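Worksheet: one structure, shown below.
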Amino acid sequence: MPTERRRLRQRIRRGLLYSLALTLTILGLGGVGFWLIDPQIQTLSDGLWLAFTTAATVGFGDLVPSTPASRLFSVVVVLLGLAVLSLVTASLSAIFVEQEVEAEDRQIEKDLMREITRLHDEVAQLRQEVQQGRSAPPGSAQ
């Protein structure tokens, strides 16, 4: 069971890293795309800023797509940004949920061990009483 938990934890963290890498890739490609498509975007840093504000659906208005091609491209960046943001959010949520489940599992294990110990003591006591009953001479009061 612990190895399964470790594997799950590794998969969740790996998924988070992949999601973050995908986010950076989309923002990088979006920045380059805006820089190449839109004539009003003069620098790559402006393209990256526009890609970030577009993907995050913030839209400060300091830089906006000015051509039909760049507007269409911004729609793609928004959709990809929302998808990747959802993936990152889901990965983070899975980490927190997994930690809560792990804590609950530990509490269940503690409760079970406590109950097993109680039952063990009760069986030992009953065994002792049965042995005492067998060793008593016939006809003696118990």
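The values are calculated or read from the model by the stated rules, or taken from the named source; none is laboratory data. Since we're looking at a predicted model, the values are computed, not measured. All Cβ positions, even for glycine, are placed from backbone atoms using ideal geometry, and neighbour counts span all protein chains on display.
The table below gives the values:
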| read-out | value |
| --- | --- |
| Selection count, the stretch 51-72, where residues are under 22 Å from Ser19 (Cβ atoms) and in contact with a helix residue (DSSP H, G or I) (Cβ under 7 Å, 6 or more places away or on another chain) | 6 |
| Subset of the stretch 39-71 that is out of contact with any Pro (no Cβ under 6 Å at 6 or more places or on another chain) and of a type in the set (D, E, K, R) - its residue that is modelled with the highest pLDDT | Asp46 |
| Subset of the stretch 32-62 [assigned to a loop (DSSP other than H, G, I, E, B), within 34 Å of the chain's Cα centre (by Cα) and in contact (Cβ under 8 Å) with a residue 24 or more places away in the chain] | Ala56, Thr57 |
| Out of Val76, Val101, sole residue that is within 33 Å of the chain's Cα centre (by Cα), surrounded by 11 or more Cβ atoms within 10 Å (Cβ to Cβ) and within 30 Å of Pro39 (Cβ to Cβ) | Val76 |
| Filtered residues of the stretch 47-82 (kept if of a type in the set (A, V, I, L, M) and farther than 13 Å from Leu24 by Cα) | Leu50, Val58, Leu63, Val64, Ala69, Leu72, Val75, Val76, Val78, Leu79, Leu82 |
